[in-house]
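Here is the structure we will look at, set down as structure tokens.
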Amino acid sequence: MPKPFERERLIRFSHCDPAGIVYFVNFFDMVGGVVEDWFREAVGLPFQEMHLERRIGFPIVNTGCEFFRPAHLGDTLRLELAIAKLGRSSIEFVVRGSVGGEEKFRAKHKVALVSLDTWRPLPIPADMRAKMQPFVL
């Protein structure tokens, strides 16, 4: 089984609702953040280069999340990203969030490569695909 891309996030006051647990929309922001980190570090394609120089992007096609247990203020959340499916133009990520080994949520997050000038889908280039392949489940 491939090793997932990992990142840790401290749960801050700004992430929480009045009950002191993470407000659900903030998990989606964290999923987007770990995807952006993965593109920069694992694929070698920072978003500013992707969007501003190459004029390509990976907009969200579909996203969803299953929540198991709350995460609380002060927790250190471990995010693990893997690829469930690598298509011709699309990537379906699985992102798991856990605290101390206890799974808090699991997200499925699908993106597709498009031209930012035409908004038409593009095939994922071979050099990018090769860097993505080690993360496919």
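Just so you know, all these numbers are worked out from the coordinates, no wet-lab data involved. These figures come from a predicted structure and were not determined experimentally. Cβ coordinates were reconstructed from backbone atoms using ideal geometry, including for glycine residues, and neighbour counts include every protein chain displayed.
Each Lys or Arg adds one and each Asp or Glu takes one away; over the other residues whose Cβ falls under 10 Å from the Cβ of Pro123, this sums to +2. Cα-based radius of gyration for the chain, normalised by 2.2 N^0.38 Å, reads 1.09. Reported to the nearest whole Å, the Cα centre-to-centre distance from region 1-45 to region 76-137 is 13. Taking amide H as placed 1.01 Å from N in the peptide plane, Gly87 has its amide H under 5 Å from the amide H of Glu92, each at least 5 places away in sequence or on another chain.
The Cβ shell under 11 Å around Lys104 holds other residues with a net charge of 0, Lys and Arg each +1, Asp and Glu each -1. Evaluating 6.51 cos²θ - 1.76 cosθ + 1.60 at θ = phi - 60° for every residue in region 10-20, the Karplus couplings come out as 6, 7, 9, 3, 5, 7, 9, 8, x, 7, x Hz, glycine and proline recorded as x.
For Lys110, the lysines whose Cα comes closer than 18 Å to its Cα, not counting residues fewer than 8 places off in the same chain, are Lys85, Lys131.
Among 66-74, 92-100, how do they line up by average Cβ neighbours within 10 Å per residue, starting with the highest?
Ranking, from highest mean packing down: 92-100, 66-74.
From its DSSP helices (H runs of at least four residues, each -39,500 (n - 2.57)), the chain gives a residue-normalised ellipticity at 222 nm of -5000 deg cm²/dmol.
Report, in degrees rounded to the nearest 10, the 0 to 90 angle that the Cα long axis of helix 24-38 makes with the longest principal axis of the chain. Roughly 40 degrees between the two axes.
Put simply, the amide H of Ala71, placed in the peptide plane, has neighbours under 5 Å in Val22, leaving out anything fewer than 5 places away on its chain. Taking 1.567 mPa s as the viscosity and 4 °C as the temperature, the Stokes-Einstein diffusion coefficient of region 77-137 based on its alpha-carbon Kirkwood radius rounds to 101 µm²/s. Computed from backbone phi with θ = phi - 60° and the Karplus coefficients 6.51, -1.76 and 1.60, the 3J(HN,Hα) list for region 63-76 is 8, x, 8, 10, 9, 10, 8, x, 9, 10, 3, x, 5, 9 Hz; x is used for glycine and proline. Neighbours of Gly44, meaning other residues whose beta-carbon lies under 11 angstrom from its beta-carbon, give a summed charge of -1 when Lys and Arg score +1 and Asp and Glu score -1.
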